[in-house]
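Pasting a structure here, questions to come.
The values are calculated or read from the model by the stated rules, or taken from the named source; none is laboratory data. Just so you know, these numbers come straight off a predicted model, no measurement behind them. Virtual Cβ from ideal backbone geometry, glycine too; neighbours counted across all protein chains shown. Calculation scope for accessible area: heavy atoms of the full protein, side chains included, ligands and nucleic acids excluded. Shrake-Rupley method; radii C 1.70, N 1.55, O 1.52, S 1.80 Å.
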Amino acid sequence: MSLIEHLRSKIQQSGPIPFSEYMEEVLYHPRFGYYSSLRLPIGAEGDYYTSSDLDPIFGKLLAKKFESMAEGSDSFTLVELGAGKGSLARHILEERRFPYLILERSAAMREHQRELLKDFDVRWIEDLPRKLTGCIFSNEFFDALPVHRIRRRDGVLKELYVSGEFEEIEGDLRQPIELPLKEGQTADVNLEARAWIRRIAASLDRGYHLAIDYGYLHDEFYAQPHGTLMCYRRHQAEENPYAHIGEQDMTAHVNFSDLMDEGIRAELPTENFQTQMNFLIELGILDRMQQLATAADAASLQRLLRIKKLILPGNMGERFKVLVQRKGT
Ligand SMILES: C[S@@+](CC[C@H](N)C(=O)[O-])C[C@H]1O[C@@H](n2cnc3c(N)ncnc32)[C@H](O)[C@@H]1O
């Protein structure tokens, strides 16, 4: 059976499914899902790049941030959510050997991580630990969670469902929500993200949550008329989530205001929210770039070009944001 056959038979049995369920199946079905294939989605051979893929400096600077967070603690554990290929973990651990846990739902990704991290002391976990002193962090984790597609139609909020012909149908909301949508406007709403913030807050005894992702604050998020869902295949953006089913990544911008609001309710208030550019500049990326520019050999200059992408405003520098939330003192 293929993913498409599986989806059709599911929809035949239950009727049209909410888009969030479609996204969940397409990305994470344990047999047919996009993230279940052993083909690597991240990197030159895959569909998209992440910051850790561009250059090890990203992980090395993050390690510096974790070192400053760990000051004064006897033991400080890192928990990475959705570790992809494992490159970020490797770059961080090459810099400093923190106790390191990975929570990764895809078995195929765990395989890749085990291979890349075989020389390091990393443990894979099924659930967040209790009474943690440390930092739970992620890069491009929240944007990969399934979203609900919600539209205002005739003054009423409707949820989008997917039919057996892979067409969108407006239906009743699965759960009551209120959103500031104009007539005809669509939003891609990540309800799971809020649940993750509650889980993270409950896991931490003392420490931090750090999330790096692309996204907006509330006003900009709801200024998008058609939502923010986007698909990526072989480094090309594709707007249609029903094209190349199971062979393209699907993501949506993070609404960081949601994460911050939920954090306040869960006693995990925001300590800092800034662009990736400012975050990396504070950690000293410009000095490292200067060293490469001074060296001026071909390899250094090539690295410099890749590193620039991490901080350029039109590139990852401003589209990506860094949220730091803190529990306890
Ligand atoms: C876009 S990739 C980011 C990979 C990596 N952090 C990087 O920067 O290259 C998203 C990762 O999150 C994982 N993931 C998605 N949902 C998850 C969940 N609910 N629990 C754990 N891992 C999850 C995916 O399998 C994948 O490894």
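Would region 20-27 turn up any residue that is aromatic (Phe, Trp, Tyr), buried (at least 20 other Cβ atoms within 10 Å of the Cβ) and more than 9 Å from the ligand (Cβ to nearest atom)? Spell out the reasoning first.
In the first step, residues of region 20-27 are kept if they are aromatic (Phe, Trp, Tyr); the result is 22.
Add one more test, that the residue is buried (at least 20 other Cβ atoms within 10 Å of the Cβ), and what stays is 22.
Then drop every residue that is not more than 9 Å from the ligand (Cβ to nearest atom), which leaves 22.
The answer is yes; a qualifying residue exists.
Take residue 59 and tell me if it is open to solvent by less than 10 Å² (accessible area, probe 1.4 Å) and touching a residue at least 12 places away in the same chain (Cβ under 8 Å).
Details: open to solvent by less than 10 Å² (accessible area, probe 1.4 Å): yes; touching a residue at least 12 places away in the same chain (Cβ under 8 Å): yes.
Spelling it out, residue 59 is indeed open to solvent by less than 10 Å² (accessible area, probe 1.4 Å) and touching a residue at least 12 places away in the same chain (Cβ under 8 Å).
Related question: Which ones in region 233-252 are open to solvent by 30 Å² or more (accessible area, probe 1.4 Å), farther than 20 Å from residue 216 by Cβ and either in a strand (DSSP E or B) or in contact (Cβ under 8 Å) with a residue 24 or more places away in the chain (or both)? Can you show your working first?
Step one: of region 233-252, the residues open to solvent by 30 Å² or more (accessible area, probe 1.4 Å) are 233-240, 242, 244, 247.
Checking the rest, the ones that are also farther than 20 Å from residue 216 by Cβ come to 233-236, 238, 240, 242, 244, 247.
Scanning region 233-252 gives 233, 234, 235, 236, 238, 242, 247.
Return yes when residue 85 is open to solvent by 10 Å² or more (accessible area, probe 1.4 Å) and either away from the ligand (no atom under 14 Å from the Cβ) or not in a loop (DSSP other than H, G, I, E, B) (or both) and no when it is not.
In short, no.
Going by the conditions given, is residue 7 modelled with pLDDT of 95 or more, more than 10 Å from the ligand (Cβ to nearest atom), over 30 Å from residue 287 (Cα atoms) and crowded, with 19+ Cβ neighbours inside 10 Å? Before you say what the answer is, go through the steps one by one.
On the way: modelled with pLDDT of 95 or more: yes; more than 10 Å from the ligand (Cβ to nearest atom): yes; over 30 Å from residue 287 (Cα atoms): yes; crowded, with 19+ Cβ neighbours inside 10 Å: yes.
Taking the combined requirement at face value, the residue satisfies it.
Sticking with this structure for a sec: Please specify each residue of region 122-144 satisfying the condition of being part of a loop (DSSP other than H, G, I, E, B) and among the acidic types (Asp, Glu). Lay out the reasoning, then the answer.
Step one: list which residues in region 122-144 are part of a loop (DSSP other than H, G, I, E, B), which gives 126-131, 140-141.
Hits for region 122-144 are 126, 127, 140.
Go over the candidates 320, 279, 256, 221 one by one and state the one that is within 16 Å of the ligand (Cβ to nearest atom), under 30 Å from residue 33 (Cα atoms) and not polar (S, T, N, Q).
On the way: 279 fails: under 30 Å from residue 33 (Cα atoms); 256 fails: within 16 Å of the ligand (Cβ to nearest atom); 221 fails: within 16 Å of the ligand (Cβ to nearest atom).
Among 320, 279, 256, 221, only 320 is within 16 Å of the ligand (Cβ to nearest atom), under 30 Å from residue 33 (Cα atoms) and not polar (S, T, N, Q).
Here is a further query. Select from region 209-232 the residues that are part of a helix (DSSP H, G or I) and either touching a Leu at 6+ places or on another chain (Cβ under 6 Å) or buried (at least 18 other Cβ atoms within 10 Å of the Cβ) (or both) and list them in ascending order.
First, pick out the residues of region 209-232 that are part of a helix (DSSP H, G or I): 218-221.
Result: 221, single match.
Quick one: count up the residues across region 88-109 that are open to solvent by 50 Å² or more (accessible area, probe 1.4 Å) and within 15 Å of the ligand (Cβ to nearest atom).
At the first step, the residues of region 88-109 found to be open to solvent by 50 Å² or more (accessible area, probe 1.4 Å) are 90, 94-97, 99, 105, 107.
Among the residues that remain, those that are also within 15 Å of the ligand (Cβ to nearest atom) are: 90, 105, 107.
Qualifying residue count for the region: 3.
Which one of these is more than 16 Å from the ligand (Cβ to nearest atom) and either closer than 27 Å to residue 198 by Cβ or free of Cβ contacts under 8 Å to residues at least 40 places away in the same chain (or both): 170, 140?
Working: 140 fails: more than 16 Å from the ligand (Cβ to nearest atom).
Exactly one of 170, 140 is more than 16 Å from the ligand (Cβ to nearest atom) and either closer than 27 Å to residue 198 by Cβ or free of Cβ contacts under 8 Å to residues at least 40 places away in the same chain (or both), namely 170.
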